[in-house]
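The values are calculated or read from the model by the stated rules, or taken from the named source; none is laboratory data. Note that the coordinates shown come from a computational prediction; the quantities given were computed from them, not determined experimentally. Here Cβ is always computed from backbone atoms with ideal geometry, including for glycine, and neighbour counts include all displayed protein chains. We work out accessible area using only protein heavy atoms, side chains counted, and drop any ligands, DNA or RNA first. Shrake-Rupley method; radii C 1.70, N 1.55, O 1.52, S 1.80 Å.
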Amino acid sequence: MSQEEDLEAAFHAAHSTGLPYLSPMGPMILAATHLGVARDSRSFARIFDLAHALVIRECTSLEQELGLIETERKDVRTSRVFYRLTDAGDALFEAKDD
Amino acid sequence: MTKDDCIKKPSGAAGGWGALKSVGRQLMGTGSPVSRAKTLLSLNQADGFDCPGCAWGDPEHGSSFEFCENGVKAVAWEATKARVTPEFFAEHSVTELQGWTDYDLEHAGRLTTPIRYNPETDHYEEVSWQDAFDGIAAALNALENPNQAEFYTSGRASNEAAFLYQLFVRLYGTNNFPDCSNMCHEASGVALTQAIGVGKGTVLLDDFEKCDLIYCVGQNPGTNHPRMLASLREAVERGAKVCVFNTLKEKGLTKFADPQKKLEMLTGGAEPTSTDYYRPRLGGDMAVFRGMSKVVLEAEDRAMTEGRPPILDHDFIREHTSGFEGWCDMVRATSWEIIEEQSGLSRDEITRAAEMYLKAERVITTWAMGVTQHLHSVQTIREIASFMFLKGNIGREGAGLCPVRGHSNVQGDRTVGINEKAPAAFLDALEKELGVTLPREPGHNVTHAIGAMLEGTVKAFVALGGNFARAVPDSSLVADAFRNLDLTVNIATKLNHGHLMPGKASYVLPCLGRTEIDRNSKGERQMITVEDSMSMVHGSSGINLPASKSLKSEIGIIAGMAKATLGSDVVNWDEMAEDYDKIRDMIARVLPSFGDFNTQVRKPRGFWLRNSASHREWKTTTGLANFGTDDLRDRTEWQEVKGENGKFVLQTFRSHDQYNTTIYGMDDRYRGVYGIRNVVFINPKDMEKNGLSDGDMVDLIGCFDDGRHRACKGFRVVPYDTPYGCLAGYYPEMNELVPHQTVGDQSYTPTSKSVIVKIEPHQSA
């Protein structure tokens, strides 16, 4: 599959769980993290041309409300958040990958 | 920025980032419905939070805070993991905490539960919300007269919180509304109301893209409103002139590396933010503008004599202004000698600055505390306005007056009624809305509140945010007065010294921060609004989980206090706190300029509150724009101390790691100061003349003659490029030197930019 197809599949895997994401950006962040497309908020915002503030908000919800990602480190000056999937986050993609 | 930033370009990408972006955006925009999902379009609009930092306008609301260093600091400051719990207060007595620095108190972390002071143990102790509300209500209702209570407002409070607060206070029975605006831009409000009929600026952010000259007077945007630098830089890039008048050479006003320009960030590049930079003396801005007006009038005379087209906009002056001839006579009669003496600039320098005005078609003048915190600030702003009237630089595209406000909603708070002498029309509308009679007698501003506290006529002090006791002049004197009060209430996110001056009954009530998610009892997210310096009203809703489950919103706390104090016969406080749309509906009924508030604020970028002066409608006493009527002062503070060895004029200002009284860090890197705040900046020639060396420790002694000894002891001398005879240092530390009796004429703003002091060798005892 092409990378675009991989991204679409991963997005649907995360999206179809029925989790109370803040917005459709949530499953896309998870999909991009899973595929290694972007594992920090600023890169994700840049690739998809989104406001960084909104990505940070989504990451906050994914981490603090849903427990699907965890912060590895944070750039104090830019608020850029570097994160990884938690076990719960990884689990969203396990069935698909199998 | 590091290279290992996890942007790992995958192998075999057919379409590169562009294709991935396209697919990703389509998926996010058209994916099947998910819980609480919003469209991508709406995500990019008004659903972010407004930066809790400065009040500069936002070109793409909700998306630019991360590019501003101070915005990031403000957000990180709220998002700290540190917590101040009841156990913290059990461990540390109030007396012990009084010995902590402002910085250490702030960095103890977020307050988590309501607390009440126990005078027997000298500790704060946890209290339930209801007990706190009942205790506060009992103390307020026990006062002989509602005017014995002061209700302070910080500029952080949202429109909704501020409106509800003033409802509570006016229904309680007083107009005592000291607020942070009294300490900063009050002079702008007073002067602009006299000159143009509205106490606000007249420009929109878009005007900065269309002007060909900006005068930037007495402000330091690099530290205080960094997003303004982008506007200045863009103006310079497209060929406009940016002419700065600032006592100090501030780094942000010379060059700026825009964080949004990635290449520039990587290469360390920077572009100019100004084209011309002049360094007037403290208190010299009025003389600068008087001098420039003189140059313009002389140029007009020459044009007329030589038969060239006029320079002045005579149509504007004739149709829209009053007092032109009298003001012209005054300008012409002012000698260059006094202009040069007060301004500290030469006639040639002032002429060069004015020649830009002669050539420019569209001019904006901006200013901040460097202009507003002097005895003659109202007169200075009137002079600026008069200068701008000469060529009709107001009420048209790319031109106008722009006082740059400090805290994020200080302008909005005034709009929605935080005003000790609110306009009669506002009170009429409020009475009609509520069906009751409200107090009409003007209440206390900050200066009046301090006076009443020192006289002992105040018994209660309620603070909606802020750090009043540290922000005000004569701070230690005011601190003593606080300890004699019957009641103090502080609504806050973090601990500060204002909380450590308990009266007989004292409460600290922890509230949500601007960045935190605010939900009502049904779990629905609530949105608040703010108004920026350009009169744009934005929605704002938080992104982070609250620091503690026990926190309430400012609105929830106000509603709780109000219900316990007044009952719910006139206002259903619970209903207001449950649905902020209802507060906005009431605001719109009382203030028709908000129109359909709830609909408008949900539009992208919010909406603009109509400003009559922007349409050349003058709600002044004459029905016209009024030229100034004041001559220059006989003597400025600088002139008073000139020639007196060891005496100086001091200005207090912020460090780069500071926002108002909040100390984020101990550095001031633009000025080369690290890890220390007890410093005094001084001209090297003044050092030599007074036998001082770099690093010497000195005491600063206040010279105001009221029998009180004012001193700041143990400050390190830092040689700095400041005008001869002019010192600078940080507040709140140096507020101790600012006499509460010296205030701006008509504005009552503390004269924190013109304090006469002397320097003595440090006496350690």
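What the table below lists for this structure:
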read-out: Shape parameters for region B:355-433, alpha-carbon atoms, Rg then Dmax in Å; value: 16.4, 53
read-out: Beta bridges per DSSP with both ends in region B:619-765, % antiparallel, nearest 5; value: 65 percent
read-out: Helix-only mean residue ellipticity at 222 nm for chain B, each DSSP H run of n ≥ 4 adding -39500 (n - 2.57), per residue, nearest 500; value: -9500 deg cm²/dmol
read-out: Interchain or long-range residues, amide H under 5 Å from B:Leu213's placed H; value: B:Lys241, B:Arg362, B:Ile364
read-out: Alpha carbon centroid spacing (whole Å) that separates region B:107-125 from region B:203-240; value: 44 Å
read-out: Relative contact order (%) - criterion: Cα under 8 Å, at least six apart; region: chain A; value: 26 percent
read-out: Amide H contacts under 5 Å for B:Asn544, placed H, 5+ residues apart; value: B:Glu516, B:Ile517
read-out: Nearest-20 debye value, the protein assembly as shown charge dipole, Cβ charges on Lys, Arg, Asp, Glu; value: 1140 debye
read-out: Spacing of the two label points (7 Å from each Cα toward its C-beta) at B:Thr121 and A:Arg84, in nm; value: 4.4 nm
read-out: Equivalent ellipsoid, region B:637-761 (semi-axes from 5 times Cα gyration tensor eigenvalues, Å); value: 21, 19, 13
read-out: Beta bridges per DSSP with both ends in the protein assembly as shown, % antiparallel, nearest 5; value: 45 percent
read-out: Estimated translational D of region A:3-97 in µm²/s (Stokes, Kirkwood radius over Cα pairs; 20 °C; 1.002 mPa s); value: 165 µm²/s
read-out: Per-residue ³J(HN,Hα) for region B:386-400, Karplus 6.51 cos²θ - 1.76 cosθ + 1.60, θ = phi - 60°, Hz, x for Gly and Pro; value: 4, 4, 5, 5, 3, 10, x, 7, 7, x, 8, 4, x, 9, x
read-out: Kirkwood Rh in Å, taken over region B:481-571 so that all alpha-carbon pairs contribute; value: 15.3 Å
read-out: Mean accessible surface per residue for chain B, computed with a 1.4 Å probe while every protein chain stays in place, in Å²; value: 36 Å²
read-out: Region B:160-218 - Kirkwood radius from inverse mean 1/r over Cα pairs (Å); value: 14.5 Å
read-out: Accessible surface, 1.4 Å probe, highest first, among residues A:Glu70, B:Glu455; value: B:Glu455, A:Glu70
read-out: Förster-model FRET efficiency, 30 Å R0, B:Thr621 and B:Glu397, C-beta, rounded to 0.05; value: 0.60
read-out: Full-extension gain in nm, B:Met666 to B:Lys582, via 0.36 nm per residue minus C-alpha separation; value: 26.0 nm
read-out: Rounded to 10°, Cα long-axis angle of helix A:3-15 versus longest principal axis of chain A; value: 90 degrees
read-out: Values of log10 I(q)/I(0), in the order q = 0.05, 0.06, 0.07 Å⁻¹, for the protein assembly as shown under a Debye, Cα-only, solvent-free model; value: -0.28, -0.41, -0.56
read-out: J(HN,Hα) series, region B:725-733, from Karplus relation 6.51 cos²θ - 1.76 cosθ + 1.60, nearest Hz, glycine and proline x; value: x, 10, 9, 8, x, 8, 9, x, 3
read-out: Sorted largest first, extent of chain B alpha carbons per principal axis (Å); value: 77, 75, 60
read-out: Solvent-accessible surface ranking, highest first, for B:Leu551, B:Leu253 at 1.4 angstrom; value: B:Leu551, B:Leu253
read-out: Note, ³J(HN,Hα) from phi for region A:25-34, Karplus 6.51, -1.76, 1.60, rounded to Hz, x at Gly and Pro; value: 5, x, x, 6, 4, 5, 5, 5, 5, 4
read-out: Rounded accessible area per residue of region A:3-97, 1.4 Å, Å²; value: 34 Å²
read-out: Difference of contour (0.36 nm per residue) and Cα-Cα distance, B:Ser550 to B:Arg25; value: 185.2 nm
read-out: Per principal axis, descending, Cα span of region B:455-508 in whole Å; value: 30, 23, 15
read-out: Simple spin-label estimate for B:Thr80 and B:Asn678 in nanometres, 7 Å along Cα-Cβ; value: 2.2 nm
read-out: Residue of A:Gly36, A:Gly67, A:Gly26 that the Gaussian network model of chain A assigns the largest fluctuation, springs spanning Cα pairs under 10 Å; value: A:Gly36
read-out: Long-range HN-HN contacts of B:Asn490 with modeled amide H, under 5 Å; value: B:Ala463, B:Tyr507, B:Val508, B:Leu509
read-out: Shielded residues, region B:537-557 - accessible-area loss of 50 Å² or more between chain alone and all protein chains, probe 1.4 Å; value: B:Ile543, B:Leu545
read-out: Percent of beta bridges antiparallel (DSSP, chain B, rounded to nearest 5); value: 40 percent
read-out: Rounded Å value of the spacing that divides the Cα centres of region B:631-655 and region B:524-563; value: 42 Å
read-out: Protein accessible area in the protein assembly as shown, 1.4 Å probe - carbon and sulfur %; value: 48 percent
read-out: Total accessible surface hidden between B and A, rounded to 100 Å², 1.4 Å probe; value: 4300 Å²
read-out: Zero-based 5 Å bins, Cα pair distances in region B:716-765, whole percents; value: 4, 15, 23, 26, 16, 10, 4, 1, 0
read-out: Separation between Cα centres of region B:130-186 and region B:432-505, rounded to whole Å; value: 9 Å
read-out: Around B:Glu361: net Lys/Arg minus Asp/Glu count, Cβ-Cβ under 13 Å; value: +2
read-out: Value of Rg/Rh across region B:115-258 [Cα atoms, Kirkwood radius]; value: 1.14
read-out: Computed P(r) (all Cα pairs; region B:186-403; 5 Å bins; percent); value: 1, 7, 15, 19, 21, 17, 10, 5, 2, 1, 0, 0
read-out: Label-point separation in nm, B:Ala303 to B:Lys504, each point 7 Å along Cα→Cβ; value: 6.8 nm
read-out: Potential lengthening between B:Asp574 and B:Arg440 on full extension [0.36 nm per residue; Cα-Cα distance subtracted]; value: 45.6 nm
read-out: Förster radius 30 Å - calculated FRET efficiency between B:Lys421 and B:Arg602 (Cβ-Cβ, nearest 0.05); value: 0.35
